[in-house]
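Everything on this sheet refers to the single structure shown next.
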Amino acid sequence: MNPASDVTPTIETIGLGRRYGRRWALRDCTLTLPQGHVIGLVGPNGAGKTTLLHIVAGLLEPTTGDVRVLGAGARDLRTLSRIGFVAQDKPLYPRFTVEDMLRMGGWLNPGWDRASALERLAGLDIPLEQRCGSLSGGQRAQVALAVALGKRPDLLLLDEPVANLDPLARRQFMQVLLEHVAATGMTVVLSSHLLADLERVWDYLVLMSASRIQLSAPTDELLHEHRVLTGPPNKADAIAATHAVVQSSITDRQATLLIRAAGPVHDPDWSVRPASLEEIVLAYMSTPLAGAVPALSLLGSAPKGSR
Amino acid sequence: MIAMTWRQHRAQLLIAAAVIAACVAYMVITSLQHAAFANSIGLSSCLAAKTRDCGPLAEAFLNRFGGIPQAYTLLAGLPLLAGLFWGAPLIAREVEAGTYRLAWTQSVGRGRWLTVKLVTFLAAIVVAAAVLSLTFSFWLRIYSQISAAGYTNIDRLAPPAFDLTGTAPFATMLFAFALGTLAGALIRRTVPAMAVTLGGYLGVVLPLESLRYTILSPLTKSGPFATNSIPVPPGAYVLSSGYSTAAGRPVPFSSLVQVCGTPQGAHSVGIRLSCLAAKGFHVSETYQPAWRYWPLQGIYSASLVVVAIIALSAAVWCTARRVR
């Protein structure tokens, strides 16, 4: 990677939206994702993850807004040759053999790396002469991944890569993926509707719900900034005045707040502990959107990728 | 991308090649039978001499083999299969199976992906249509010779021969393919796209079957009945016949039967030409002459090809511009 490409965001979107009839599958999506991360795109089913990934992969035209992928348009041939995309149900041609799929990779991609694709599949005992239609779910996923990685992409997009896999296949898939990431330093975006699915492989989190981006930040930054406060209900407003309250549950006796801290909380009436990633994600996902003023303000203040 | 196209579509192309090979084999075999019979009764040498009356020999040939068998009307429907099995699934199946997400995220881009496929099928259509057209013309040649000598009206200007010779097979096949491709690109589901292709093809080609003969105004020839009907020039295709009295008052065919008909068996009604001539009836034939074959082929083919090009461009545009 040359120095210039290091500062080019992997994905940059401004006001991106996509409407199907009267329903918005994605709206007001403004994101800047840095290179060199494994980015988790997390959100419930129907949150707009697939729509976003399809727009980034050039498969879908946005209704509003603009998208730049690796510094160029998503439909650019330059971009297409630099991304790898594995769609949700790992589409392969059922009548092609595994060998045919690898040949296809060579036919359609100038920078095709056949040797390493062969090596990867050989390590997994996937017979090359088998038809793709008769592969198991785990094998399908591996072949689809091998085809995507064979392009030697700078950006790999994986839509729910392990959703339908059994635990063993899931681990194997992630292992192959992470070995490749470690060797090449490529950027990966993986989507999942379950936080646990991705086994914490990501170091950057994009959280989506209700067709919008709720949060986009490096995970260590999220862990560093979010706190759970427990304390007197009458002082909750004072906290909200200085910090962004993501989620609050207030009873007569006690208030529990999950905040994105703007600084340290000095008031000794509050007991402060760091928030876990699960708590953070659940808090953002369960915040009702219409009233989510703090979450909306976070949209704009989501930190640009550093590191 | 050519290798990819071949790998992906070789089954479709090979099946088509087999179907066409079977048709060609059938036509060649029957054509050889025609030739052998025509030689054995001396029809070929008689027609070649051009001076003798070959009428009885021609009649013997036509009694033996009849006209163009019904099966060839089905053969004229063969181009439709290019629309149903090549065109309709081309884009629809990729979208339906979800493999478009694989195919269109490769380095070649979907524009070239589709262009190479279209060019490949276009080449297949050129070859298939040329083979069909040439083989059928070869099959038809004895009829054409008999027709040129004026003993039959079975020739290449009349359907189904018009559909199976010249540029018509290419034009109809390209039209069907383009229609199927566009339907698939718009509907994105194979079976509904096939249904629309079938409906669209028949909806255009069936009305054209009569329209294509009147695009150039037909000629008319009238005169009194002679003992031998009034001959239109050899190879002409008669669109309609009108009858009138000697005074010029039009009469329907049924009155001719009333006046001069002779019952000949249960199913046919014969008319004594000598009777018609004696009563002074006139006949007026509306027809296209044989020399209009190429102009009519050209107009028919060109209009279908133009529509096909528009449909293919629309399919490319739809696919390259947006999906879903």
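The numbers here are math on the coordinates, done by the rules we state, and not lab data. Here the structure is a predicted model, which means the values were calculated and not measured. Glycine gets a Cβ as well: all are built from the backbone with ideal geometry, and neighbour counts include every protein chain shown.
Inverting the mean 1/r over all pairs of different Cα atoms, compute the Kirkwood radius of the range A:187-227 and quote it in Å.
One over the average 1/r among Cα pairs gives 11.2 Å for the range A:187-227.
Helix hunt in chain B: which complete DSSP H runs extend at least 27 Å axially by C-alpha with mean Kyte-Doolittle at least 0.5?
B:2-40, B:109-148, B:168-187, B:190-214, B:293-321
Can you give the relative contact order of the range B:32-137 as a percent, counting alpha carbon pairs under 8 Å and 6+ residues apart?
Contact order relative to length: 13 percent.
Straight distance only, please: which lysines reach the Cα of A:K90 with their own Cα at less than 24 Å, same-chain residues fewer than 8 apart left out?
A:K49, A:K151, B:K117
With helices defined as uninterrupted DSSP H runs, which ones in chain A have an alpha carbon span along their own long axis of at least 24 Å and mean Kyte-Doolittle hydropathy of at least 0.0? Before the final figure, lay out each step's value.
On the way: long enough: A:167-184 (25 Å, 0.27).
Qualifying helices: A:167-184.
Students often forget the sequence filter, so: which lysines lie under 25 Å Cα-Cα from B:K279 once same-chain residues fewer than 8 apart are removed?
B:K221
For a quick protection proxy, order the peptides B:171-180, B:295-304, A:119-128 by their average other-Cβ count within 10 Å, most packed first.
Top of the packing list down: B:171-180, B:295-304, A:119-128.
Between the range B:18-54 and the range B:150-164, how many Å separate their Cα centres?
16 Å
Tell me, how many Å apart are the Cα centres for the range B:276-319 and for the range A:47-72?
49 Å
Under the definition of partner shielding as Cβ atoms of other protein chains within 10 Å of a residue Cβ, what is the mean value for peptide A:59-67?
Mean shielding by partner chains, rounded to a whole number: 2.
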